[in-house]
1. Taking the Cα centre of the chain as origin and charging only Cβ (+1 Lys, Arg; -1 Asp, Glu), how large is the dipole, in debye to the nearest 20?
2. May I ask for the distance between the Cα centers of the range 233-278 and the range 324-385, given as a whole number of Å?
3. Running a GNM on the chain with Cα contacts under 10 Å, which residue among 167, 361, 378 ends up with the highest mean-square fluctuation?
4. Per the Kirkwood formula on distinct C-alpha pairs, the Rh of the range 256-404 is how many angstrom?
5. In whole Å, how far is the Cα centre of the range 163-177 from that of the range 89-153?
6. Assuming R0 = 35 Å, what is the FRET efficiency of residue 208 and residue 127, from their Cβ-Cβ distance, to the nearest 0.05?
7. How do 176-186, 40-50 rank on mean C-beta neighbours within 10 Å, highest first?
8. So which lysines pass the test for residue 377, namely a Cα distance under 24 Å, with those fewer than 8 places away in the same chain ruled out?
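Read the figures in this text as sums done on the coordinates, not as results from a lab. Nothing here was measured: the structure is a model prediction, and the numbers come from that model. FYI the Cβ positions are ideal-geometry reconstructions off the backbone, even for glycines, and counts take in every protein chain you see.
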Amino acid sequence: MSRPDIAVTGLGMLTPAGINAESTWKGVCDGEPTAATSGRLVGLPVDFCCSVPFFDAQESLGRRTVHRLDRSAQLALMAAKEALQDAALDTQAWDGTRVGVVIGSGMGACQTWENQHRQLLDRPTRVSPLLISMIGPSTPASEVALLCGALGPTLVTATACASGATAITVARDLLITGQCDIVVAGGTEASNTPLIATGFAQLGALSTRRNDPARASRPFDQARDGFVLGEAAAVLILERAEDAAARGHTPRALLAGCASTTDAHHPTAPHPDGRGLKQAMRAALADAALTPRDVDHVNAHGSSTVLNDAVEAQAISTVLPGGPFVTSTKGALGHSLGATGAVEAALTVLTLQHCLIPPTANLESPDPAFDLNLVVKAAANEHLGVALSNSVGFGGHNVVLAFRTP
């Protein structure tokens, strides 16, 4: 049976590079790092991160809404509002029973957990009566559904740092199987907190360049020493292409295929030969009816850790011997954990739309062991038709999304 094309008809983002898609796109194309010392992390072994710059959530969402939501849910709502506007959808006029929401998160309501635990230790009566609704893993998705009146499936994905990408694969399935006509999909994370930062530092996953935070995240560089913790949210609006055409809306890109695999190897380390990621890349291409030679660009997971970058580089060069242009935006944005797969999917869509590949910020000395066609120093103007977005998460999660131009 023929399968309908899935269109990306809108997107919204809040990242350390800006509080909307336009400013984020400009920031990553300029290759500007965003990591800086954080007042929230003072005195910790790693006291810097990448934070979303000031945004007035109360102006957009209202004081009462902001008061009852963790920052991760606030970011998701803001991204969803932008994506819906970008897709030119009237949420008052649509059939909400045909609209779904899928939002991924790797860590959940970390800021609320930590803040409220401090209240508990200080005086139990100060714990918020809204605590339970604030910390529920389903809250960002249910709040997005409430925002837009989505009455179809409202789901949450949690596949560590691949959560946002997994949300997009689930959304695609809801459209292909006919359960929904529109799906609001993405990821959110706001985990720049003392406990989470300390946990990753104790694990040895974070860069320790306290004297030069802006240059700490160095994907694929031979001097890389760990990732920089970040926060973000990104939401994509997905529809069947024929439905978008019927309402006169031109898609930004098409989600041609996707695949998910698991390494089943180690709680935090990727499989040494990248077998799961290789399998996911090949399966995503097969799902999209594409060949390795069709791929022009890869938005790599590129976390700036010693193990991940080595394994991913080997997987890309093995599966895609044609040498597609490769970049990682984590040099600019840091690693936003469960949101990063959605952020990078949105950036991959913009890359195809503009035929412009953002550079890998801070990549000054590419690891000579890697056989990759890396984009460095400046954005590259190239003719692009097909791109992959790779996402990898602790626990061995691998998700690959294949996008193509309409």
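1. Working: 28 positive and 37 negative charges, 134 e Å.
Here the size comes out at about 640 debye.
2. 16 Å
3. Between 167, 361, 378, it is 378 that shows the largest mean-square fluctuation.
4. Numbers: mean 1/r = 0.0671 Å⁻¹.
For the range 256-404, the Kirkwood estimate is 14.9 Å.
5. That distance is 20 Å.
6. Working: r = 35 Å, r/R0 = 1.00.
For residue 208 and residue 127, the calculated efficiency is 0.50.
7. Values: 176-186: 22.8, 40-50: 18.1.
Answer by packing, highest mean first, reads 176-186, 40-50.
8. Within the straight-line limit of under 24 Å, residue 377 reaches these lysines: 26, 330.
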